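Since the structure comes first, as structure tokens, the remarks are kept for the end.
The values are calculated or read from the model by the stated rules, or taken from the named source; none is laboratory data. Being a predicted model, the structure only gives us computed values, none of them experimental. Here the Cβ positions follow ideal geometry from the backbone for every residue, glycine too, while neighbour counts run over all protein chains shown. Each accessible area value is taken on the protein alone, full model and side chains, heavy atoms only, with ligands, DNA and RNA left out. Shrake-Rupley method; radii C 1.70, N 1.55, O 1.52, S 1.80 Å.
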Amino acid sequence: MKQRDAFAAIAAVMMGVMAPTEAAAYVHAAAPDGPTARCSALGALHLSDTRVVSATLVPAKAAETNVGRATPGYRSFCRVVARVQSASDSDIGVEIWLPADGWVGVFHGNGSGGFGGAFTTGYSGMVDGLRRGFATATTDTGTAPASPLEGDALIGQPRKWRDWGRLSTHVMTTTGKAITKAFYGRDAKRSYYTGCSTGGQQGLIESLYYPADYDGILVGAPVINRTWGHAAVLWDYAAAHRTPGSRLSDAKLKLLNRAAIATCWRQGHGLAGDRFISDPMSCKFDPGVVQCTGAGSDSCLTEGEVATARAFYSGPTNRDGKASYFGWLPGSEMPDTFGWSFLQTPIDDQPPFGGLFKWVFGAGWDWKAFDFNRDMPAVQARLDPIVNDATRGSLGAFAARGGKLIIYHGLADTLVAPAQSVAFYERHAAQLGGIDKLADNARLFLAPGMMHCGGGTGPDAFNGTLGIPPQPPAYDAQHDLFSALIDWTDKGDAPDQVIATKFASEDAGKIDMQRPLCAYPQKAVYRGWGSTLSASSFRCVVPDGN
């Protein structure tokens, strides 16, 4: 299953960059009165402020098996690329895949990542949508030529910041639905959205400000406070580069991770044998427990390394030591992709995602001179009204029309603070009359040991729209959150839990373990018998005090 769908993602990328001559050859060979003609006709479609760049029928591909390796096929679809320019300084790209046959009447929007600027970050979700028979779309968020990790190209372009922070997903949705109707001759009967990270933020914006766009929204690790989220990464980078001895090596990160897990086990927030912490938000851990008492070595942390680790856990604080934002949780200290090592590593001699600060202070901004107490007020004044709309708004209108929202977040995430999602959920629960009331329309799932959108040492396969972790072992509501969202929206079956799967890294398709992820505020508790590798050995329980 895992290997098969990895190839599906690769196939999607290949389809996305297919040479125009190859596509054209297929178009000329096809019947003029079939889907080819309908697809080609979209090139002349007139929509307000919109230019259809291309409309090409991609031929179906049969599944193949070569030397024991399965490569899935895909159905034929009309691939449309359009650009929407409602202002001279705005240029939002939209890509949509329309099944040539077998459309089930659903429109599916997908999110981007980082600073956006490309369609490819939405392709994994589009592959899943196409498999289900959905018309499926994504957007470059209007930020090209920026890229997910590099935002310098947007210096001096506040309209593009606004498109990225608020407007582009709604534009993708209205444009995508109009193109869908033009191709099939009827409106979609259902609409769903999926996305993670920046894509998660895009989905929250849709639920808060455009409640009629989607019936169901699934978001992971959503960036809620954009400015302070970037500031947290800068805070970590500055701590790791304070002195030559401040940076934590991969060996020290692994040592710190082992110490955090052992400490949290002893406090009752994990199970012996697990390589992750079940409830890191309840654990108290101080990296000083592994500080060197003599000469430094890989078996302990120096005073400077302890200071760096404490900065990562605390998150940004003001000069009085009061928290300005959230920090990372115990158990997240890993040198994996987008882990603590990434937060310490320069990109073109700059902190990761530091381009946002250049929007405020100019191309000559120097991170070494940044003072959080002095400079963050200027960042907030300039960007908060433009990119932080997810910190405001209400889910009231979305709930009133019966919309369903699922949020998930890995508790070992080190790019978007997990506590931010909990705070968002509790804030909207307070607005709408309590968690029980909010749960009628919105649910939150926290994934122990999972990093940013996937990866990590905990079970991370539970969402078929993601390209980072492997696919879930089954596309049903018990194992796949997107299927659970669809069932909730269509049948009223609200998900109380989903089974998350950890596959063996060395044996594709082999399941190492499974655990239930429980709807917040419930937590998975071991029953006291049975294998800790089996989901059936756990039950979802509301902890005392909730």
(message) Quick check on region 36-98: take the gyration tensor over C-alpha atoms, sort the square-rooted eigenvalues as a ≥ b ≥ c, and tell me if it's rounded (a/c under 1.5), prolate or oblate.
(response) oblate
(message) Can you give me the long-range amide H partners of residue 103? Hydrogens built in the peptide plane at 1.01 Å from N, cutoff under 5 Å, separation of 5 or more residues or another chain.
(response) none
(message) Between region 308-341 and region 261-307, what is the separation of their alpha carbon centroids in Å?
(response) 14 Å
(message) Tell me the accessible surface of residue 328 in square angstrom (1.4 angstrom probe, heavy atoms of protein chains only), to the nearest ten.
(response) 10 Å²
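Please arrange 489, 391 by accessible surface area, largest first, computed with a 1.4 Å probe and ligands excluded.
Numbers: 489 20, 391 40 Å².
Ranking 489, 391 by accessible area, largest first, yields 391, 489.
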(request) Take the cross-link list 254/502; 252/523; 404/510; 322/523; 254/358; 284/368 and give me the ones stretching past 24 Å between alpha-carbons. (result) 252/523; 404/510; 322/523; 254/358; 284/368
(request) Starting from the eigenvalues of the Cα gyration tensor, five times each then square-rooted, give me the equivalent ellipsoid semi-axes of the chain, largest first, whole Å. (result) 38, 28, 23
(request) List every residue whose amide H lies under 5 Å from the amide H of residue 447, counting only residues 5 or more places away in sequence or on a different chain, with H placed 1.01 Å from N in the peptide plane. (result) 409, 410, 411
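Ranked from the most accessible area to the least, with a 1.4 Å probe and all protein chains present, what is the order of 409, 46?
Final ranking, largest accessible area leading: 46, 409.
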(request) Starting at the first residue of region 200-211, write each ³J(HN,Hα) from the Karplus equation 6.51 cos²θ - 1.76 cosθ + 1.60 with θ = phi - 60°, in whole Hz, x for Gly and Pro. (result) x, 4, 4, x, 5, 4, 4, 5, 7, 10, 10, x
(message) With every atom except the alpha carbons ignored, what do you get for Rg and Dmax of region 182-255, in angstroms?
(response) 20.1, 65
(message) Once you keep just the Cα pairs under 8 angstrom separated by 6 or more residues, what percentage relative contact order results for region 397-535?
(response) 19 percent
(request) Compute log10 of I(q)/I(0) for region 93-168 with the Debye formula, placing one identical point scatterer on every Cα and leaving out solvent, at q = 0.19, 0.20, 0.27 Å⁻¹, to two decimals. (result) -0.72, -0.76, -1.11
(request) On the protein heavy atoms, probe 1.4 angstrom, tell me the percent of accessible surface of region 231-297 carried by carbon and sulfur. (result) 53 percent
(request) Tell me what the chain gives for mean residue ellipticity at 222 nm when only DSSP H runs of n ≥ 4 count, each as -39,500 (n - 2.57), the sum divided by the residue total, rounded to 500 deg cm²/dmol. (result) -10000 deg cm²/dmol
(request) Name the lysines eligible as straight-distance cross-link partners of residue 177: C-alpha to C-alpha under 19 Å, and not fewer than 8 places from it in the same chain. (result) 189
(request) Convert each backbone phi in region 406-414 into a coupling constant with the Karplus relation 6.51 cos²θ - 1.76 cosθ + 1.60 (shift: θ = phi - 60°), then list the ³J(HN,Hα) values in order as whole Hz, x for Gly and Pro. (result) 10, 10, 10, 8, x, 6, 9, 5, 10
(message) Can you work out the Karplus-derived ³J(HN,Hα) for every residue in region 141-151? Use 6.51 cos²θ - 1.76 cosθ + 1.60 with θ = phi - 60°, whole Hz, and x for glycine or proline.
(response) 6, x, 10, 4, x, 4, 10, x, 9, 9, x
(request) Normalising by the residue count of the chain, find the relative contact order in percent from Cα pairs under 8 Å and 6+ residues apart. (result) 12 percent
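Would you mind working out the magnitude of the charge dipole of the chain relative to its Cα centre, with +1 at each Lys and Arg C-beta and -1 at each Asp and Glu C-beta, to the nearest 20 Debye?
560 debye
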(request) Starting from the residue with the highest accessible area, list 64, 506, 206 in decreasing order, probe 1.4 Å. (result) 506, 64, 206
(request) List every residue whose amide H lies under 5 Å from the amide H of residue 291, counting only residues 5 or more places away in sequence or on a different chain, with H placed 1.01 Å from N in the peptide plane. (result) 301
(request) State in Å² the accessible area per residue of the chain; use a 1.4 Å probe, count heavy atoms of protein chains only, and round to the nearest integer. (result) 39 Å²
